[in-house]
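Here is the structure we will look at.
The values are calculated or read from the model by the stated rules, or taken from the named source; none is laboratory data. Predicted model only: the values in this text are computed from it and were never measured. Please note: Cβ atoms are built from the backbone with ideal geometry, for glycine as well, and neighbour counts cover all protein chains shown.
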Amino acid sequence: MSSQEKRPIGYTCAYTPLPLIDAAGFRPYRILPMGDTPDQAGQYLHDNLCPHVKKVLDQVLAGKVPDLAGAVLMNSCDAMRRLADAWRAARPQDNIMLVDLPVTTDEAALKFFAVQLEVLAEQLKLWGGLDFDTADLAASLADFNKLSGTLADLGAAIRSGRQKGSRAALQALYNACTQRSMVESIQNCQLPTAEAVPKNGVPIFLFGNVLPDPEAFELIADCGARIVGDDLCTGYRQFAGLEADSAEESVYLQLARHILTKPPCARTFFPAQPGRVAHDTLAAAQACGAAGVIGHTVKFCDPYLARMPIFREEFKKAGMPLLLLEGDCTLRSMGQQRTRIEAFIEMLR
């Protein structure tokens, strides 16, 4: 069955179990907060709420998404819970499931999340999915890992100069892979022919949550930066592969462990290491030879805003220059930051 023949399941979060949706015979379709749509979300959601969530709802209400078999929303933050409530109020005929997502990664959390994934599997079958079994899910996990490895290799090749192309072109590929079937993504996992990108820009590491528009990366490059690494929920983080599995674990527990222990966003909490997310981000930036770091988050994102003091302190102690930006999921807001980005890059020269 081709990608277009598979009915899409909408999703909005990098923690969504894509192999499970694929095993059920659906096509995962990430609703990206891009493009101009009428502001209709304000009828259901407060003005001072995550613009990512509001842009997603705007696209749904404006009919900018394909006919969905359903939507799988992760209970990752209060804003996502509000999105589920608003979607149900606006379109009560749609199939919606809000999947509880633990904030920690201990064994109790893993077992709880594995049960949530099994419940989701049964729901997907009720929505018209295949009557798949654990062997089918294991096969989808293998396909996901193959896609993950290919994307990782492409990213590494671009950063090293072995592959012609830009981070903007890679982002366009990420976006395409979030809306195609796993098999089709693997078959078409290649960048368009392009000229080699000059390697004379200031090496920058980029982190944050939602930044899906390739033009945003072009803007950063135009300011004199060369993105040598990044950690974004709309970037490679959503395709981070399953590093290992265990024959002693159920496939649902393996999938739960993969999702909860892959590179986390700021909503994940490590009780024994409260500052781990900042420490890991700094280590990643240092490992790729970045001269400075740009953090980009959407406005009103409480998980990231609550962690920013820890980021500032960690980077200051290490002597790593840090620029923090906020946006509203529009290129207009990125354009307004151009002067700050240019000044930051100039300072690093």
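The rows are residues; the columns are (1) surrounded by fewer than 14 Cβ atoms within 10 Å (Cβ to Cβ); (2) small (Gly, Ala, Ser); (3) more than 13 Å from Ala71 (Cα to Cα).
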| position | (1), (2), (3) |
| --- | --- |
| Trp87 | no, no, no |
| Gln93 | yes, no, no |
| Met97 | no, no, no |
| Thr105 | no, no, yes |
| Ala108 | yes, yes, yes |
| Gln116 | no, no, yes |
| Leu120 | no, no, no |
| Trp127 | no, no, no |
| Asp131 | yes, no, yes |
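Number of residues in region 189-220 that are at pLDDT 90 or above and either closer than 17 Å to Lys262 by Cβ or within 21 Å of the chain's Cα centre (by Cα) (or both) equals 17. Whether any residue in region 53-65 is buried (at least 16 other Cβ atoms within 10 Å of the Cβ), in contact with a Lys or Arg (Cβ under 6 Å, 6 or more places away or on another chain) and closer than 24 Å to His296 by Cβ is what I want to check. Among the residues of region 53-65, not one is buried (at least 16 other Cβ atoms within 10 Å of the Cβ), in contact with a Lys or Arg (Cβ under 6 Å, 6 or more places away or on another chain) and closer than 24 Å to His296 by Cβ, which makes the answer no.
Just one residue in the set Leu253, Leu305, Leu323, Leu260 is surrounded by fewer than 22 Cβ atoms within 10 Å (Cβ to Cβ), at pLDDT 95 or above and either in contact with a strand residue (DSSP E or B) (Cβ under 8 Å, 6 or more places away or on another chain) or assigned to a helix (DSSP H, G or I) (or both); that residue is Leu323.
Restrict the check to region 161-168 and report whether at least one residue is assigned to a loop (DSSP other than H, G, I, E, B), over 24 Å from Thr268 (Cβ atoms) and touching a strand residue (DSSP E or B) at 6+ places or on another chain (Cβ under 6 Å). Within region 161-168, one or more residues are assigned to a loop (DSSP other than H, G, I, E, B), over 24 Å from Thr268 (Cβ atoms) and touching a strand residue (DSSP E or B) at 6+ places or on another chain (Cβ under 6 Å). May I ask you to list the residues in region 76-118 that are out of contact with any strand residue (DSSP E or B) (no Cβ under 8 Å at 6 or more places or on another chain), farther than 16 Å from Arg257 by Cβ and of a type in the set (A, V, I, L, M, F, W, C)? Cys77, Ala79, Ala86, Ala89, Ala90 - these are the residues of region 76-118 that are out of contact with any strand residue (DSSP E or B) (no Cβ under 8 Å at 6 or more places or on another chain), farther than 16 Å from Arg257 by Cβ and of a type in the set (A, V, I, L, M, F, W, C). Restricting region 320-349 to residues that are touching a residue at least 24 places away in the same chain (Cβ under 8 Å), of a type in the set (D, E, K, R) and out of contact with any Pro (no Cβ under 7 Å at 6 or more places or on another chain), the residue that is farthest from Leu49 (Cα to Cα) is Arg349.
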